[in-house]
Amino acid sequence: MPDFVRAALLRQGLLQAYRDRPPYQQNDYVGWITRAKLPATRQKRLDQMLDELARGGLYMKMAYHPKRSSKKAAR
C-alpha cells in the first residue's frame with residue numbers, strides 16, 4: 001500500500017475498516033487510486049474510499065453487505 005494511502009487511513013482512523021474489507025476490495029481501491037494520472041483525481045478517489053469506509057455499506061458506490069463468518073454467526 002502506498003504511504004499516502006496508509007497515512008490517510010491512519011489520519012482518519014479507518015485502517016481497521018480497510019483491513020476488514022475482503023482482499024479484492026483492498027486491492028481494487030489501491031489500484032484504482034494509484035492508476036489516476038492527475039493528483040486531483042487521485043485525491044478524489046482517495047476521498048471516495050475514505051468516505052465509503054467511514055460510512056460503511058458502500059464499495060465503489062455500490063451497496064456492500066459484509067458476509068458474516070461462521071464464527072461470528074455462532075455467537
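Rule-based calculations on the coordinates, nothing more; no lab input. On a predicted model such as this, the values are computed, not experimentally measured, just so you know. Please note: Cβ atoms are built from the backbone with ideal geometry, for glycine as well, and neighbour counts cover all protein chains shown.
Observations on the structure shown:
- The chain: angle of helix 3-12 to the longest principal axis, Cα-based, in degrees nearest 10: 60 degrees
- Rg/Rh for region 3-74, where both radii come from Cα atoms and Rh is the Kirkwood radius: 1.00
- Summing Lys and Arg as +1 and Asp and Glu as -1 over all other residues whose Cβ lies under 15 Å from the Cβ of MET60 gives a net charge of +2.
- Around GLN25: net Lys/Arg minus Asp/Glu count, Cβ-Cβ under 15 Å: +2
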